[in-house]
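FYI, it's all coordinate maths here, none of it is from the lab. Just so it is clear, the structure is predicted and the values come from calculations on it, not from any experiment. Quick reminder, even Gly has a Cβ in these numbers, built from the backbone with ideal geometry, and neighbours come from all protein chains shown.
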Amino acid sequence: MKKKLRFFIVGLSTLLLLSYCTRDNVDTPPETAAEENEALSWTPDQGIIKFLSDDFKEKAVTEDLEFIDRILKNPKAEDLRARGVETHIPAGSNNALAAAIAAAGVDEVIILDAGDHTETGTVVINKKVKIYGQKGARVIFSNTAAGITNFTPAFYIPTQGAESVIKGLTIAGSDPVPGLCIFIDSTTKVKILQNIIDNWLFGILSYKSDRVVVTQNKVAVNAGGHGIILADGNHCNIVMNEIYGAVFGIWTGGNAGLSFSNLTHNCLYGQNLCKVPAGAFSANHRIINTLGSTVNWIVKYNQSNDNLAAGYLVIDGANGNWLQHNCARWKWNVCI
């Protein structure tokens, strides 16, 4: 019964989403000088700034690019900076994270110790806090199941949670079909760093949120949902994540974003530059009424392998985007 329910939900949602998308003509830019194996040879210790064009850097937010550069070169960089007041949650906790956020002051750091923690229902991050997991910290959610068109989030970050951070957690769901792991809603400067998002129908959904940074996460999608989705929002950055098992691994939207050195594999489509269909689904009972498609994004040094349909898909009004030195593999490598 559980298996039938899962496939019914996935089949219906996928049919709805794909039916909203329309194909557009895509103009291929003139060929540039060959830069052999760039996408395959890039390593995090090189950072990203020197690989971005001056034109993009002028339009981007320098502070965010510098942050990404720093954490790629040293994944523990933020741990070495002053962190303010800290609250530790010992292993074996039950609904302690929600309580710690409620009791925390602005800019407080909440650290989940190594081991399992359980949460019943959605954890709302409604103030600026940093939630860090020690190595081996896992949060297991219940009562966050997927509905037919509504997806219940494990973490919900509304406007008041601007500048919050979730870092270093394994986030798992215990429902038959876990819904949405992280929902970032109408806010700014949220950072999702170095997490393992384990077997959710939707991994990360950002709606009308600016300057979101999603980097070094691993997203395993349950039964053909979607990995990282951006619906509207400006200057968002998706860098060096791994997503697999999705219909759309990365689904970009909004203006002037960056998708850099991500690995999508065993999806239907690896990366999709497209308008998230307005009204096709809701999260936390908030209808996602997307306004625009994917505009002025830089998509560079990504790898998209062993997908069923395609590595990269550009449709539905996406324009002004630049795809450069990305690779796709299905029995052989193709880099463009």
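Separation of the range 245-297 and the range 315-331, taken as the distance between their Cα centroids, equals 13 angstrom. Compared with the alpha-carbon gap, the fully stretched path from THR62 to ALA103 is longer by 11.4 nm at 0.36 nm per residue.
Taking every alpha-carbon pair in the range 58-123 and binning the separations at 5 Å intervals from zero gives 4, 14, 17, 16, 16, 15, 11, 4, 2, 0 percent. With 0.36 nm allotted per residue and the present C-alpha distance subtracted, the ALA310-SER53 stretch has 89.8 nm of extension available. In this simple spin-label approximation, ASP116 and LYS218 carry label points 7 Å from Cα along the Cα→Cβ vector, and these lie 1.9 nm apart. When DSSP beta bridges are restricted to pairs lying wholly in the chain, around 5% turn out antiparallel. Summarising the label geometry, the points placed 7 Å from Cα in the beta-carbon direction at GLU38 and ILE148 lie 4.8 nm from one another.
Structure note, pairs LYS50/LYS130; LYS135/LYS300; LYS59/LYS135; LYS59/LYS275; LYS50/LYS128: Cα-Cα distances above 26 angstrom occur for LYS50/LYS130; LYS135/LYS300; LYS59/LYS135; LYS50/LYS128.
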